[in-house]
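Trainee: Just passing along the structure, written as C-alpha cells.
The values are calculated or read from the model by the stated rules, or taken from the named source; none is laboratory data. Owing to the predicted nature of the structure, the values given are computational and were not obtained by experimental measurement. Don't worry about glycine lacking a Cβ; one is built from the backbone with ideal geometry, like all the others, and counts go over all protein chains shown. When the accessible area is computed, the model is the full protein with side chains, heavy atoms only, and any ligands, DNA or RNA have been set aside. Shrake-Rupley method; radii C 1.70, N 1.55, O 1.52, S 1.80 Å.
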Amino acid sequence: MTPKKIMVPLDGSRLAEVALPEAFEFARRGATLVLMRAAEAARLPATDPTESQVAVVQEAEGYLASIAERARKAGVQNVETAVWYGPPAESIIDAARTRDIDLVVMSSHGRSGLGRLVLGSVAETVLRGTTTPILLLRDREAPVTPPAEGAPAVRETAHV
C-alpha cells in the first residue's frame with residue numbers, strides 16, 4: 001500500500017500524538033499529511049455560542065500549526081491542516097471522505113468492557129463508519145490485558 005494522502009486525527013493529547021511518528025514515516029515517502037482536529041464548544045444555556053465556537057476553532061488551528069511545524073522539521077514536505085467543527089468520530093469520518101484520504105493513522109486508548117461502554121470509542125466508531133483503511137496504534141506503555149483464561153477465541157475475518 002502506498003497512500004498518497006494520510007490523515008492523522010488529533011485531539012491535543014499525548015496519546016493522540018502516538019500516531020505521529022508512523023504518519024511522518026509514510027509522509028516522508030511522498031504522501032501528503034493531513035493533520036486534522038475536531039473542535040466543539042461546550043453549549044451553555046441562554047448564551048450566544050459564537051464566541052466560544054470561534055475560540056475552540058482558533059485554539060485547534062494554533063495546535064495544528066505547531067504539529068505541522070514538527071512534521072516539516074521531521075522531513076515531511078507536504079503538510080495540510082484541517083479543523084472540523086463537530087463531534088470527533090463524525091468529523092473524522094466526514095474529513096476522510098471529503099478530502100479523499102487513503103489512510104487514517106490514529107491512536108486508541110484500547111479501553112474494553114465498562115470503560116468503553118461508558119466512554120465510547122472514537123476509533124471503533126470511525127472504523128465502523130468508513131471504508132478508508134485505518135492504521136490504529138496504541139501507546140507502547142499502555143497496559144495489555146490478555147484474554148481471560150478459558151475464554152473462547154474470537155475469530156473474525158478481516159477484509160482488506
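Trainee: Which members of the range 16-33 meet the condition of being in contact with a Lys or Arg (Cβ under 6 Å, 6 or more places away or on another chain) and assigned to a strand (DSSP E or B)?
Mentor: Narrowing the range 16-33 to residues in contact with a Lys or Arg (Cβ under 6 Å, 6 or more places away or on another chain): 31-32.
Once the filter is applied, which keeps residues that are in contact with a Lys or Arg (Cβ under 6 Å, 6 or more places away or on another chain) and assigned to a strand (DSSP E or B), the range 16-33 yields only T32.
Trainee: Yes or no: the range 92-103 includes at least one residue that is assigned to a loop (DSSP other than H, G, I, E, B), within 14 Å of the chain's Cα centre (by Cα) and surrounded by fewer than 15 Cβ atoms within 10 Å (Cβ to Cβ).
Mentor: There is no residue in the range 92-103 that is assigned to a loop (DSSP other than H, G, I, E, B), within 14 Å of the chain's Cα centre (by Cα) and surrounded by fewer than 15 Cβ atoms within 10 Å (Cβ to Cβ).
Trainee: So, one more: Any idea which of (1) farther than 20 Å from G12 by Cβ; (2) in contact (Cβ under 8 Å) with a residue 12 or more places away in the chain is the one V34 doesn't satisfy?
Mentor: (1)
Trainee: For the range 54-76, give me each residue that is among the β-branched types (V, I, T) and out of contact with any strand residue (DSSP E or B) (no Cβ under 7 Å at 6 or more places or on another chain).
Mentor: Kept after step one, since they are among the β-branched types (V, I, T), are these residues of the range 54-76: 54, 56-57, 67, 76.
The one that is among the β-branched types (V, I, T) and out of contact with any strand residue (DSSP E or B) (no Cβ under 7 Å at 6 or more places or on another chain): V54.
Trainee: Right, something else. Residues of the range 64-91 being part of a strand (DSSP E or B) and within 24 Å of G30 (Cβ to Cβ), which ones?
Mentor: So in the range 64-91, the residues part of a strand (DSSP E or B) come out as 79-85.
Of everything in the range 64-91, those that are part of a strand (DSSP E or B) and within 24 Å of G30 (Cβ to Cβ) turn out to be V79, E80, T81, A82.
Trainee: Report yes if some residue within the range 67-79 is under 14 Å from the mean Cα position of the chain (by Cα) and either modelled with pLDDT of 95 or more or surrounded by 15 or more Cβ atoms within 10 Å (Cβ to Cβ) (or both); otherwise report no.
Mentor: Yes: the range 67-79 contains one or more residues that are under 14 Å from the mean Cα position of the chain (by Cα) and either modelled with pLDDT of 95 or more or surrounded by 15 or more Cβ atoms within 10 Å (Cβ to Cβ) (or both).
Trainee: Separate question: Conditions: (1) free of Cβ contacts under 8 Å to residues at least 12 places away in the same chain; (2) farther than 26 Å from S121 by Cα; (3) not in a helix (DSSP H, G or I); (4) not charged (D, E, K, R). V54 meets all but one. Number of the miss?
Mentor: (3)
Trainee: Among the residues of the range 1-41, which ones are open to solvent by 80 Å² or more (accessible area, probe 1.4 Å), touching a helix residue (DSSP H, G or I) at 6+ places or on another chain (Cβ under 8 Å) and more than 23 Å from R140 (Cβ to Cβ)?
Mentor: E40
Trainee: To continue, here is another question. Restrict the check to the range 139-147 and report whether at least one residue is more than 21 Å from A27 (Cβ to Cβ), outside any helix (DSSP H, G or I) and at pLDDT 75 or above.
Mentor: no
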